[in-house]
Ligand code: ATP
Ligand code: MG
Ligand code: MG
Ligand code: MG
């Protein structure tokens, strides 16, 4: 008997309602009037104008459960216990109202009293220069000082890339899940990249306004922005190993296992594939329900990559037929109470996925033809290693996954220059980043590195117009 995702969500919002917060619905994953962000990546992102003082909030205290996407975490998905691309972020916000003391007190009270987590297992971090937060944790909350870790700017200072504007130190809450969570470091503690100390709540104290010359000026009315990953806290509350074992995600994993005729928990590689599919199926369902459709640019490209990745992992599990669209039903079943839009859009989402799955089958065929051409040429030249640029071209232009390229090469007694591939990918990213910066587009938290935005291809243009002209 454990607390379900839906119960935790409600408990959080009710708690902050009792602290006089205005509880708002989740905003769309697609940012409104905000060119700086591709997809909403945190609870505060849609509230940015309230933080900047550009718009007046409906209340000085707000709380939400916000749909978020972090494509920058895509490589971690399925491998760590704690990363998803799509996830829900619980957050409470103060716009020039309460500050550090209340934010910390309430986070602690919610964690230890409402959720009943054992204080002994909790650790916190503060920004290395934030003595004020350290003092509150130590003397007011009474966390033993050995369990208050000071972390540097990378972890615990929040600001908009190189830009100006509101910024400030963070303080995080972690749970120690004990040894056996895969870390060899005897001094493992919060900030370590393993899954033993699980970060679940981040409190941001937006107390500065960074000016053009890089000075951090104290804001007269500082803000609070907190974010707690719902999947992570559910993972803790349900006493399970990873966010893929919580009630809502487990249903998806079970469906994937059943469809692919695999047993979850038997083979690590296959488990990763199952988790990737579950994650991506959930993400694309929410993305499409918020109006994103596959294309070669921006958000459309993000979703296309997610769909292809999922299909590729389906192939690794031996699934030959289209399957992704069949998972929509499970996602809707698990999330329709919290997100009404899913029910009405279900059929539409399934239709978009079916079309995209079919298209990908075609591009897979095209990619194979191109690759066979390369192989023939290389063989004639007595070369055995496909160069990185060509492997990257297959990946980038034809949506052809590197693992598949490698698999086929191996069948032909060849291999691929993976270093060269990575370099090609890196320079492509740098070009894309430069192009973004030129356009003044940058992420609030550098979270868009995993999937590139402006990949230009010629091959898919026909599909894009097809989507735009198809009445679905
Ligand atoms: P991590 O260090 O584990 O990658 P983070 O420091 O990047 O997390 P924050 O930016 O502080 O995360 O986001 C606030 C909270 O949102 C985190 O404490 C966590 O609970 C949750 N969260 C962040 N990224 C993810 C993700 N990819 N999947 C699920 N939950 C996430
Ligand atoms: Mg992160
Ligand atoms: Mg972190
Ligand atoms: Mg954090």
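The values are calculated or read from the model by the stated rules, or taken from the named source; none is laboratory data. In this text the structure is predicted, and so the values were computed from the model without any measurement. Please note: Cβ atoms are built from the backbone with ideal geometry, for glycine as well, and neighbour counts cover all protein chains shown.
From the residues in segment 144-157 that are in contact with a strand residue (DSSP E or B) (Cβ under 6 Å, 6 or more places away or on another chain) and not in a strand (DSSP E or B), which one is farthest from ligand 3 (Cβ to nearest atom)? Among those that are in contact with a strand residue (DSSP E or B) (Cβ under 6 Å, 6 or more places away or on another chain) and not in a strand (DSSP E or B), it is 147. For the structure I just gave you, tell me whether residue 209 is away from ligand 1 (no atom under 16 Å from the Cβ) and buried (at least 18 other Cβ atoms within 10 Å of the Cβ). Yes; evaluated as a whole, the condition is true for this residue.
Among the residues making up segment 103-131, those that are out of contact with any helix residue (DSSP H, G or I) (no Cβ under 6 Å at 6 or more places or on another chain), assigned to a helix (DSSP H, G or I) and within 16 Å of residue 224 (Cα to Cα) are 103, 105, 106, 107.
Those helices (runs of 4 or more DSSP H) of segment 296-413 in which 1 or more residues are in contact with a strand residue (DSSP E or B) (Cβ under 7 Å, 6 or more places away or on another chain) occupy 341-380, 388-397, 402-411. With the condition kept exactly as written, say whether any residue in segment 213-221 is crowded, with 20+ Cβ neighbours inside 10 Å and in contact (Cβ under 8 Å) with a residue 12 or more places away in the chain. No - not one qualifying residue is present in segment 213-221. The lone criterion from (1) near ligand 4 (Cβ under 10 Å from one of its atoms); (2) over 30 Å from residue 52 (Cβ atoms) left unmet by residue 156 is number (2). In segment 189-206, the qualifying residues are those that are surrounded by fewer than 20 Cβ atoms within 10 Å (Cβ to Cβ) and at pLDDT below 95, and the one that is nearest to ligand 4 (Cβ to nearest atom) is 191.
Hey, among 214, 239, which residue is more than 16 Å from ligand 4 (Cβ to nearest atom) and within 26 Å of the chain's Cα centre (by Cα)? Residue meeting the stated conditions: 239. Exactly one residue out of 37, 13 is more than 16 Å from ligand 4 (Cβ to nearest atom), touching a residue at least 60 places away in the same chain (Cβ under 8 Å) and touching a helix residue (DSSP H, G or I) at 6+ places or on another chain (Cβ under 7 Å): that is 37.
For segment 428-451, indicate whether the set of residues that are at pLDDT 80 or above, in contact with a helix residue (DSSP H, G or I) (Cβ under 8 Å, 6 or more places away or on another chain), in a helix (DSSP H, G or I) and more than 16 Å from ligand 4 (Cβ to nearest atom) is non-empty. Looking for residues that are at pLDDT 80 or above, in contact with a helix residue (DSSP H, G or I) (Cβ under 8 Å, 6 or more places away or on another chain), in a helix (DSSP H, G or I) and more than 16 Å from ligand 4 (Cβ to nearest atom), one finds at least one in segment 428-451, hence yes.
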